[in-house]
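Each reported figure results from applying straightforward, stated rules to the coordinates on display, with no laboratory input. Computed from a predicted model, the values in this text were never measured in an experiment. Ideal geometry is used to build each Cβ from the backbone, glycine not excepted, and the neighbour counts take in all protein chains shown.
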Amino acid sequence: MRKAIVKITHTMSDETYKQLCDGVSARFGTDTEFEKVFDETLVGGFVLKLDGIVYDYSVRTQLKNIKKHISD
């Protein structure tokens, strides 16, 4: 069984979290166990760690990426 650590904000609803987990399971396999971790430093979005790979979809990282593309 795979273990996924999902860092989220306290403002994420249970329904949104369930949809996120369902999407991850659909993409990577249904044999995934999820651990929810609340991260006070997140403004929004989420960070997923699965199989040693970090998928960072936090608002902070998205803004950094936008800034990088604008200044290039």
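Please find, within segment 1-47, the residue that is farthest from residue 61 (Cα to Cα) out of those that are among the charged types (D, E, K, R) and touching a strand residue (DSSP E or B) at 6+ places or on another chain (Cβ under 8 Å). Explain how you work it out, then say what you get.
Of the residues in segment 1-47, the ones among the charged types (D, E, K, R) are 2-3, 7, 14-15, 18, 22, 27, 31, 33, 35-36, 39-40.
Next, only the ones that are touching a strand residue (DSSP E or B) at 6+ places or on another chain (Cβ under 8 Å) stay: 2-3, 7, 31, 33, 35-36, 39.
Values: 2: 25, 3: 23, 7: 14, 31: 28, 33: 25, 35: 21, 36: 20, 39: 14 Å.
Of everything passing the filter in segment 1-47, 31 is farthest from residue 61 (Cα to Cα).
If you take the residues of segment 13-39 that are part of a loop (DSSP other than H, G, I, E, B) and in contact (Cβ under 8 Å) with a residue 12 or more places away in the chain, which of them is surrounded by the fewest Cβ atoms within 10 Å (Cβ to Cβ)? Before the answer, list the steps.
So the first thing to find is which residues in segment 13-39 are part of a loop (DSSP other than H, G, I, E, B), and the list is 13, 29-31, 39.
Still in the list and also in contact (Cβ under 8 Å) with a residue 12 or more places away in the chain: 29, 31, 39.
Details: 29: 11, 31: 8, 39: 13.
Filtering first and then ranking leaves 31.
Residue check, residue 45 against (1) more than 11 Å from the chain's Cα centre (by Cα); (2) at positive phi; (3) of a type in the set (Gly, Ala, Ser), all met but one. Which one?
(1)
Condition test on residue 54, is it touching a residue at least 24 places away in the same chain (Cβ under 8 Å), not acidic (Asp, Glu) and not in a loop (DSSP other than H, G, I, E, B)? Don't jump to the end; show me each part of the working.
Values: touching a residue at least 24 places away in the same chain (Cβ under 8 Å): no; not acidic (Asp, Glu): yes; not in a loop (DSSP other than H, G, I, E, B): yes.
No; evaluated as a whole, the condition is false for this residue.
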